[in-house]
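The values are calculated or read from the model by the stated rules, or taken from the named source; none is laboratory data. If you're wondering where the values come from, they're calculated on a predicted model, not measured in any experiment. Here the Cβ is made from the backbone with ideal geometry for all residues, glycine too, and neighbour counts use every protein chain on show.
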Amino acid sequence: MFGSGKNGKDAKGVKKAPINPNAINTLVVGSEFEGNFRSANDIRIDGSMKGNLNCEARLIIGQPGSFEGDAECQSAVIEGNFNGNLIVSEILQVKEKAVVNGIIKTKKLIVQSGAIFNVKCTMGEQNIAADNKKVKSEKEGSKPATS
């Protein structure tokens with residue numbers, strides 16, 4: 001009577017849990033994860049993660065944490081180790097004990113004194129928008145014309 005008509009189920013008929021905007025996914029110290037991870041909410045990594053990460057909110061890599069791979073998020077705070085490619089649509093904060101290596105694209109950047117920041121970094125809103133268009137066209141299978 002009051003629902004959407006789908007009874008809160010996804011395309012496979014599995015009941016969906018309501019989204020909690022305050023929820024934080026946490027990979028605790030001593031935990032390891034390898035593979036692809038997607039989240040609509042914040043994620044905090046205090047353990048070890050290798051793979052691809054797509055976070056529609058904030059990515060936090062805690063001081064004992066490490067990440068290796070490709071990550072895309074709205075904002076990020078790095079206190080631990082990051083090695084890979086990172087696209088941040090808003091602001092990236094690199095704390096004093098962080099070690100960051102790789103390729104970074106972000107709208108805004110804060111790097112605290114003491115951080116190790118060995119990256120190729122491009123900044124600005126136009127760079128993020130152009131990269132998002134490129135990624136979207138690659139996912140759709142379109143290729144640029146060559147002559």
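How many of the residues in the range 47-89 are of a type in the set (K, R) and closer than 19 Å to V119 by Cα?
1
With the condition being out of contact with any Pro (no Cβ under 8 Å at 6 or more places or on another chain), basic (K, R) and at negative phi, I'd like the strands (runs of 3 or more DSSP E) fully within the range 28-102 carrying at least 1 qualifying residues.
Of the strands (runs of 3 or more DSSP E) lying wholly inside the range 28-102, those with at least 1 residues that are out of contact with any Pro (no Cβ under 8 Å at 6 or more places or on another chain), basic (K, R) and at negative phi span 32-39, 42-45, 48-55, 58-61.
Give the residue, chosen from V14, V29, that is surrounded by fewer than 19 Cβ atoms within 10 Å (Cβ to Cβ), β-branched (V, I, T) and at pLDDT 95 or above.
On the way: V14 fails: at pLDDT 95 or above.
Answer to the check: V29.
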In the range 45-88, anything under 21 Å from N22 (Cβ atoms), surrounded by fewer than 20 Cβ atoms within 10 Å (Cβ to Cβ) and small (G, A, S) is listed as A57, G62, S75
